[in-house]
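See below for the structure under consideration.
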Amino acid sequence: MYSASTTSSASAIAVTTIFDDPRRRRQFLLLRRFVMGFLVGIVLIMGFVSEISSLATFAGFVTAGIAVGLQALLLSVAAYFFVVGRYGIRVGDRISIAGVTGDVVEIGLVRLYIMELAGTSIDLYPTGRVVVFSNSVLFQAGTPLFKQIPGTEYTWHELAVTMVPGGNYKVVQEKILNAVNTVFGQYRERIERQLGGIEREIEVQLKPPKPDAKLQLSDAGVEFMVRYPVDIRAASDSDDQVTRAVVDLVNANPELKSAIAGAPRIRAAIKG
């Protein structure tokens with residue numbers, strides 16, 4: 001009995017001594033603050049960790065919604081980098097896309113602007129309209145894009161005449177080919193300069209473009225054809241000169257006139 005009473009009194013005296021000592025009291029309060037802060041931090045961390053999976057799920061749904069809603073825009077931006085590549089499209093290029101032929105007037109990050117051209121396959125003229133395509137049209141499998149080889153401004157036309165059965169095709173070949181070569185000689189140098197630019201660009205040696213004649217069979221019979229290059233910016237002028245030269249030649253040469261049936265025809269060598 002005496003011993004228990006003595007022990008309680010000693011404990012009370014010790015606690016009283018701790019709180020009466022200012023230094024020990026500050027240490028105790030600091031320890032209590034540290035323990036309480038640690039416990040509160042654990043509670044907050046556990047609460048945040050339990051909600052982070054929901055936050056990640058929400059962010060995933062938001063990202064998927066944005067990707068679906070901006071699909072066309074993202075495709076257009078991605079296609080832009082294909083358009084402006086080394087062999088891509090430049091302002092001033094003549095292209096054909098989705099059935100529209102025209103000259104490129106502007107290339108934007110998401111849109112492509114083309115000055116529309118109309119007319120026959122060999123004589124094109126501006127319609128006064130600008131056609132706007134989304135760049136994403138390049139990723140559509142059913143919409144091919146045709147453009148000039150970088151550095152070139154020429155295309156190919158054909159002059160065709162139908163032979164009379166038994167006609168002297170050698171005379172036709174010699175006379176008409178010479179007439180076309182005479183016209184081609186007026187702009188040969190310009191075409192050959194473009195060829196030099198192509199060879200430097202793609203580092204491949206190419207055969208110089210020049211008029212080429214051949215005989216072929218068609219539904220109308222034997223056909224003589226001369227394939228010749230023309231500058232796309234002056235194609236109608238070149239065709240006009242070829243037409244005049246051939247008509248004058250046929251009218252002035254009875255043997256040539258008797259060897260062909262009907263009038264000569266000029267058409268585009270590249271269809272579509």
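Of note:
- Applying the condition of being of a type in the set (Val, Ile, Thr) and at pLDDT 85 or above to segment 193-231 and asking which residue is surrounded by the most Cβ atoms within 10 Å (Cβ to Cβ) yields 230.
- Failed condition for residue 75, given (1) at pLDDT 85 or above; (2) surrounded by 11 or more Cβ atoms within 10 Å (Cβ to Cβ): (1)
- Considering residues of segment 237-272 that are under 30 Å from residue 195 (Cα atoms) and β-branched (Val, Ile, Thr) only, the residue nearest to the chain's Cα centre (by Cα): 270
- Flag for residue 174 being out of contact with any Cys (no Cβ under 8 Å at 6 or more places or on another chain), assigned by TED's automatic domain parsing to the domain that holds residue 190 and touching a residue at least 24 places away in the same chain (Cβ under 8 Å): no
- Single residue of 64, 10, 14 found to be more than 20 Å from residue 139 (Cβ to Cβ) and either charged (D, E, K, R) or modelled with pLDDT of 60 or more (or both): 64
- For segment 158-168, the candidate set comprises residues that are farther than 17 Å from residue 252 by Cα and not in a strand (DSSP E or B); within that set, the residue that is nearest to the chain's Cα centre (by Cα) is 164.
- Test: residue in segment 129-137 that is of a type in the set (Gly, Ala, Ser), touching a Phe, Trp or Tyr at 6+ places or on another chain (Cβ under 9 Å), assigned to a helix (DSSP H, G or I) and over 29 Å from residue 241 (Cα atoms): no
- Of all residues in segment 113-151, those satisfying the criterion of being more than 25 Å from residue 198 (Cα to Cα) and within 15 Å of the chain's Cα centre (by Cα) are 113, 132, 133, 134, 135, 136, 137, 139, 140, 141, 142, 143.
- Listed conditions (1) buried (at least 16 other Cβ atoms within 10 Å of the Cβ); (2) under 34 Å from the mean Cα position of the chain (by Cα) are all met by residue 234, apart from (1).
- Looking across segment 95-112 at every residue that is of a type in the set (Val, Ile, Thr) and under 14 Å from the mean Cα position of the chain (by Cα), the one that is farthest from residue 240 (Cα to Cα) is identified as 110.
- Helices (runs of 4 or more DSSP H) enclosed by segment 178-272 - at least 1 residues per element that are under 20 Å from residue 156 (Cα atoms): 188-202, 235-252
- Summed over segment 89-120, residues that are assigned to a loop (DSSP other than H, G, I, E, B) and surrounded by fewer than 16 Cβ atoms within 10 Å (Cβ to Cβ) total 9.
- Residue that is modelled with the lowest pLDDT [pool: residues in segment 232-272 that are in contact with a strand residue (DSSP E or B) (Cβ under 9 Å, 6 or more places away or on another chain) and hydroxyl-bearing (Ser, Thr, Tyr)]: 236
- Filter result for residue 86 (outside any strand (DSSP E or B), modelled with pLDDT under 80 and of a type outside the set (Asp, Glu)): yes
- Among the residues making up segment 221-258, those that are farther than 26 Å from residue 119 by Cα and either in contact (Cβ under 8 Å) with a residue 40 or more places away in the chain or of a type in the set (A, V, I, L, M, F, W, C) (or both) are 221, 222, 249, 250, 252, 253, 255, 256, 258.
The values are calculated or read from the model by the stated rules, or taken from the named source; none is laboratory data. Every value quoted in this text rests on a predicted model; they were computed, and no experiment measured them. Positions of Cβ are generated from backbone atoms using ideal geometry, with glycine treated the same way; all protein chains shown enter the neighbour counts.
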